[in-house]
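The numbers here are math on the coordinates, done by the rules we state, and not lab data. Because the structure is a prediction, the values reported are computed rather than measured. FYI the Cβ positions are ideal-geometry reconstructions off the backbone, even for glycines, and counts take in every protein chain you see.
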Amino acid sequence: MWQIDAPPGIYLGAAGVLLVEDLGGGGVAIYRRNDYWLSPEFFTSVSEIPARTVLVLMRDPAGTWKGVVPLLGRDAVVEFEGTPIGLVARVGTGHETTLEGEVRLAVAAEGDDPYALIARLISHAVRAAGTGRLLAEKTLPDWRRWLGWCSWNAFYEKMREQDFDAAIESWVDAPVPLGWMILDDGWQDGDEQRRLVQFAPNAKFPHGLTALIADAKARLSLRAFGVWHTLQGYWDGVSPQSPLADDYEVGDNGLVHPNDYSRFLGDLHAFLAEAGADFIKVDNQGETYRFLRDHYAYVSGMQRLREALETSAEEHFGSSVINCMAQETTVLYQLQRTAVMRNSDDYYPDREQNPEEHILQNAWNALWTRPVAVPDWDMFQSHHPRAWWHAAARAISGGPVYVTDDPGRQDWEILTALTMPDGSIPPCDGYAVPARCSLLHDPRREGGPPLVLFNRAGGCAVLGIFNLTGSGVMWPVGPADAEFEAEHVPGYAVWSSRGGLLGTVDSSQRVPCPIPAHEWDIVVVSPVRGGFAPVGVDGALLPPGWIAKTTEVAGGVQVALRASSPLLVAAIAEPKRVRMAGGEALSFSFTDHLVRCELPRAIGPVEVVLES
């Protein structure tokens, strides 16, 4: 790993600083498609790398992976751009100036493991910034383990109190329990310029937040309730003509002065916490550049606002925050205690290509996000025509799973497939990213690889295969796609949610998996132990997420489930007996080397023993 610095006195403008010449070959760049969202761009030459790039990943002809990310200078934001002469670093501060001393530009590295390589690069960048922390050092909010609902796509900003009441009613005595809710945009009192006038809600919420939140918690036994606001107060800040301007120093541009921002945000959060909010969703963070531009140096100005947010959020909400519209280095590298970040542009139910575009962004952006924050793949609607696609993506993502359903339109089949009986989400071990076969390939191109995501759950690998093209594809999958380290097992069972048990392979083998146009599949790769390879719960979108532990025992295997439900286990031969750990016999079926253990869907852990 090596760090690249620029000499003192560099002019901050379009000229840029050459980092590397074109090494030949292609790769993928993660770039800022606007001030707050990232997207991948696949290139065949460094000259094709778009402006505002924050991560470059390549592989040379010898198979060595090479990566580079920008650093955050004392008052300089660095981003990359490809040019005919190579990769160039662009440097800016928010106002024209000349920086004193060296400017830290980038850190680069190479290695055999692209995932470890990116993690090392981001870790170095965070440490160099001096204020942020890595995800492994943070406490994660507990509510993320349960199914949630958000008001945004159900009502948008026109939401009224009675609309939210209807949403609450639609989840009362529902077949799937709800764990948490978010009151999104539409509750705040803003003027015609979308500037905040007061902390109290607008006239559409005549009974206030306290009554609304208390009602939701009481009727649904919610584990948490979240409330939305922007980093600036509202979309265009705070009105200088409002009563708030009498209490806080508000500039003509709507930004509360950084010297007074801590007090302003602390008071807003105290108001929300007293109303019953347990966490917050803080939006529009990347737009802060517009407020700071020509007034304050961007990095130090953003650092002061972020520090105020982190401090207040810790005091009032235990650092439980969804950071939104925040995909830029001045946020990621300075995330201190907050641990969740929206990982893509919004879910747009009315855009035909949104399912493909949404998963494309989330898959590659997670490479950048996951070393520092839990990637949040955003809400979706279970009643949408492509809802199963979105649900499968959320199930394997490892991030929060929440919907934005219109009241009364919930698809309980999908929501049941996403959850365990108590409404909790079957957990993944990590956060899904593209497999090596997908990393440098655009899955939207006909004839190329589909998008193959991988994650781990319940001692198994889980592959999510998504076909973003208009033609069906037959794609081979196996243990190597899941980064399985060499294990002393006789083989791996490969099971598909569409095709059932596809076969048993060794660590280097693959089996073909057909994926129709614009469709998906979840594939489980399970190590064979004691003659058995547990797949997980039948009918679940993340079958092995229900598995707490698998233990090889004399003459078979014992599978501990987090909750009871029909269990699928691949088997070399039909088991002699299937029983509960306490001895009670279980009925089962055996077809094509797949055992189905008949368990009722019920809350509470169970342990099943299969004897060979």
Quiz item: Counting only residues 5 or more places away or on other chains, whose amide H sits under 5 Å from the amide H of residue 457 once H atoms are built in the peptide plane?
Solution: 429, 462
Practice problem: Quick one: which residues, 5 or more positions from residue 599 or on another chain, have an amide H under 5 Å from its amide H? H modelled 1.01 Å from N in the peptide plane, none for Pro or chain starts. | Solution: 567
Quiz item: Expressed in nm to one decimal, what extension gain is obtained for the pair residue 612 and residue 589 from 0.36 nm per residue of sequence separation less their Cα-Cα distance?
Solution: 6.8 nm
Quiz item: Can you list residues whose amide H is under 5 Å from residue 224's amide H, if they're 5+ apart or on another chain and H is modeled 1.01 Å from N?
Solution: 181
Practice problem: Just list whichever of 217/549; 281/549; 138/549 have alpha carbons separated by over 27 Å in the model shown. | Solution: 217/549; 281/549
Self-check item: Full-stretch length increase - residue 580, residue 157 - with 0.36 nm per residue and alpha-carbon distance subtracted
Solution: 147.1 nm
Exercise. Starting from the Cα-Cα distance between residue 257 and residue 45, subtract it from 0.36 nm times their residue separation and give me the gain in nm to one decimal.
Key: 71.9 nm
Practice problem: Please turn the phi angles of the stretch 174-181 into ³J(HN,Hα) values with the Karplus equation 6.51 cos²θ - 1.76 cosθ + 1.60 (θ = phi - 60°), one per residue in order, whole Hz, x for glycine and proline. | Solution: 6, x, 10, x, 9, x, 7, 9
Quiz item: Roughly how many debye, to the nearest 20, is the charge dipole of the chain about its Cα centre, given +1 on each Lys and Arg Cβ, -1 on each Asp and Glu Cβ, and no other charges?
Solution: 1380
Practice problem: Give the residue from 57, 575, 524 lying farthest towards the positive end of the charge dipole for the chain; charges sit on Cβ (+1 for Lys and Arg, -1 for Asp and Glu) and the dipole is referred to the Cα centre. | Solution: 575
Self-check item: Centroid-to-centroid separation of the stretch 426-488 and the stretch 257-292 [C-alpha atoms, Å]
Solution: 39
Quiz item: What nm distance separates the two modelled labels at residue 483 and residue 603, each placed 7 Å from Cα along Cα→Cβ?
Solution: 3.6
Quiz item: Here are several values of Rg and Dmax of the Cα atoms in Å: (1) 23.4, 71; (2) 25.2, 79; (3) 26.3, 88. Which one was derived from the coordinates shown?
Solution: (2)
Practice problem: Post the alpha-carbon centroid distance, the stretch 520-537 to the stretch 542-612, in whole angstrom. | Solution: 12
Exercise. Would you please name the GluC sites (Glu not before Pro) within the stretch 305-391 that are DSSP coil residues with at most 13 other C-beta atoms within 10 Å of their C-beta?
Key: 352
Quiz item: If the stretch 424-501 were replaced by its equivalent ellipsoid, with semi-axes equal to the square roots of 5 times the Cα gyration tensor eigenvalues, what would those be, largest first, whole Å?
Solution: 23, 14, 13
Self-check item: 0 to 90° range, to nearest 10: angle between helix 114-129 axis and the chain longest Cα axis
Solution: 30
Quiz prompt | Burial order of peptide ranges 284-290, 460-466, 555-561, 537-543 (average beta-carbon count within 10 Å, highest first) | solution = 460-466, 537-543, 284-290, 555-561
Quiz item: For the stretch 415-422, in order, what is each residue's ³J(HN,Hα) by Karplus, 6.51 cos²θ - 1.76 cosθ + 1.60 with θ = phi - 60°, in whole Hz (x at glycine and Pro)?
Solution: 5, 5, 5, 7, 10, 8, x, 8
Exercise. May I ask which residue of 489, 550, 68 lies farthest towards the positive end of the charge dipole of the chain, with charges of +1 (Lys, Arg) and -1 (Asp, Glu) on Cβ and the Cα centre as origin?
Key: 489
Quiz prompt | Integer Hz, Karplus 6.51/-1.76/1.60 couplings in order for the stretch 515-530, x for Gly and Pro | solution = 10, x, 4, 6, 10, 8, 8, 10, 10, 9, 10, 10, x, 7, 9, x
